[in-house]
1. For the stretch 65-80, indicate whether the set of residues that are of a type in the set (D, E, K, R) and in contact with a strand residue (DSSP E or B) (Cβ under 7 Å, 6 or more places away or on another chain) is non-empty.
2. Need the failing condition index for ILE232 against (1) within 18 Å of the chain's Cα centre (by Cα); (2) open to solvent by 40 Å² or more (accessible area, probe 1.4 Å); (3) at pLDDT 95 or above, just the number.
3. Does the stretch 29-40 hold any residues that are more than 21 Å from the chain's Cα centre (by Cα) and within 16 Å of ALA82 (Cα to Cα), and which are they?
4. Got at least one residue in the stretch 223-246 being among the aliphatic types (A, V, I, L, M), within 26 Å of GLU105 (Cβ to Cβ), in contact with a helix residue (DSSP H, G or I) (Cβ under 6 Å, 6 or more places away or on another chain) and in a loop (DSSP other than H, G, I, E, B)?
5. Please go through the stretch 44-56 and pick out each residue that is surrounded by fewer than 19 Cβ atoms within 10 Å (Cβ to Cβ) and more than 18 Å from ALA117 (Cβ to Cβ).
6. If GLU268 passes every condition in (1) surrounded by 13 or more Cβ atoms within 10 Å (Cβ to Cβ); (2) without any contact (Cβ under 8 Å) to a residue 60 or more places away in the chain; (3) of a type in the set (Asp, Glu) but one, which one does it miss?
7. With the requirement that a residue be among the aliphatic types (A, V, I, L, M), open to solvent by less than 20 Å² (accessible area, probe 1.4 Å) and either within 30 Å of ASN217 (Cβ to Cβ) or in contact (Cβ under 8 Å) with a residue 60 or more places away in the chain (or both), what does the stretch 154-167 give you?
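The values are calculated or read from the model by the stated rules, or taken from the named source; none is laboratory data. Only a predicted model underlies this, so the values are computations on that prediction, with no experimental measurement involved. With ideal geometry, Cβ positions are generated from the backbone for all residues, glycine too; neighbour counts draw on all protein chains shown. The protein model used for the area step is the full one, side chains on, heavy atoms only, and it has no ligands, DNA or RNA in it. Shrake-Rupley method; radii C 1.70, N 1.55, O 1.52, S 1.80 Å.
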Amino acid sequence: MTKLFLITGASSGLGRAFAEAALQAGHTVVGTVRKQADAEAFEQLQPGKSLARILDVTDDDAVFRTVDEIEAEVGPIDVVIANAGYGHEGVFEESTMAELRAQFEVNVFGVVATVKAVLPHLRRRRRGHILGVTSMAGLITVPGTSFYQGSKYAVEGILETVGKEVAPFGVHVTAIAPGSFRTDWAGRSMVRTERSVPDYDQVMNPIRDHRRAASGNQLGDPRKAAEAVLRILDVPNPPAHLVLGSDALRLVANGRAAVDREIEEWAELSRSTDFPDGAQLPG
C-alpha cells in the first residue's frame, strides 16, 4: 500500500535518504526545504511523486499552514518524519544563551510544531505514524554538546509521551536515534562555539579534533538507515525508540547501564525520602 510522506529537512543528509528510499518504494513524498534551488532539485528526484515545499520549521504559522495545504491539495498524510535540525558543538560555559535558544527553536520547537500540525489529521483518521529524528545524543551524554543533547533529550521525552497519548487512536510514534552516519552533520552543518576558556582545553580540543577528522568517514550508511525506518512502518507494534547504528547501540546500552548501576547504588537513600506510612499514588 502506497503512502504519503511528509519529511522536513529533506534537502540533504538523513532527510534526503528517507525521501529517496520512500520514493523508490513507490510512495509519494512531500519534502520541506529552505531554498528554492533545493526545492527544484527535490522535485526532480521523481517528478509528480517528489513534491517540495519551502518551509522554515521555526515559523509556527507556516508549519500549520503548509500541513493544511498538503492535506487539501495533495492528500491525507500517512507518515511524517520530523527530521529538520542541526548540531551545536560547544562547552557549556563558553556557549551563549542565544545559541541555546536557536538550538531549541529548530530541534525542539520545530519538531513539536510539525507534530502538532499533523496530529489532528491522523487522530481523526485513526491511523498514521509520526517519527522524529533525535539522536543517540538524546539517550546518552558526552562532553561538548550539552545544548544539542538537551534538545534531543527533550524530543525523546516529548515523543514518548505523545505516543502513549495517541496509542488509543491507532497512531504510532517513534523517536529515531541515529549514531554517527555519513552525512554533513559534523561538517558544514554544525554550529561551533569559539573556544575561550583554556581550562577546558584538555577535555574539548581532542573531541573537536576527532569529530572534524571523522566527518565523512562515519560508520553509518544513510541508505541503510532509511531502509530500517521503512521496515517499521507496517509492523503492528513499531518501537517507541529506534536506535540506528552499531555505535549507537553500544554507547546507548553502556550509558543506560551506568544509570541503572547508579540508581541501584543509591536506592536506599532514594527510598528513605518516603513517608513512613507507605502511602502509594493511584496507579
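1. Yes, the conditions are met somewhere in the stretch 65-80.
2. Evaluating ILE232 over (1) within 18 Å of the chain's Cα centre (by Cα); (2) open to solvent by 40 Å² or more (accessible area, probe 1.4 Å); (3) at pLDDT 95 or above leaves (2) as the failure.
3. none
4. yes
5. GLN44, LEU45, GLN46, PRO47, GLY48, LYS49
6. Only one criterion is unmet by GLU268, namely (1).
7. Residues satisfying the conditions are VAL155, LEU159.
Conditions tested, residue by residue: (1) at pLDDT below 95; (2) small (Gly, Ala, Ser); (3) in contact with a Cys (Cβ under 8 Å, 6 or more places away or on another chain); (4) under 20 Å from ILE176 (Cβ atoms).
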site: PHE5; (1), (2), (3), (4): no, no, no, yes
site: THR8; (1), (2), (3), (4): no, no, no, yes
site: SER11; (1), (2), (3), (4): yes, yes, no, yes
site: ALA19; (1), (2), (3), (4): no, yes, no, yes
site: ALA25; (1), (2), (3), (4): no, yes, no, yes
site: THR28; (1), (2), (3), (4): no, no, no, no
site: ASP38; (1), (2), (3), (4): no, no, no, no
site: GLU43; (1), (2), (3), (4): no, no, no, no
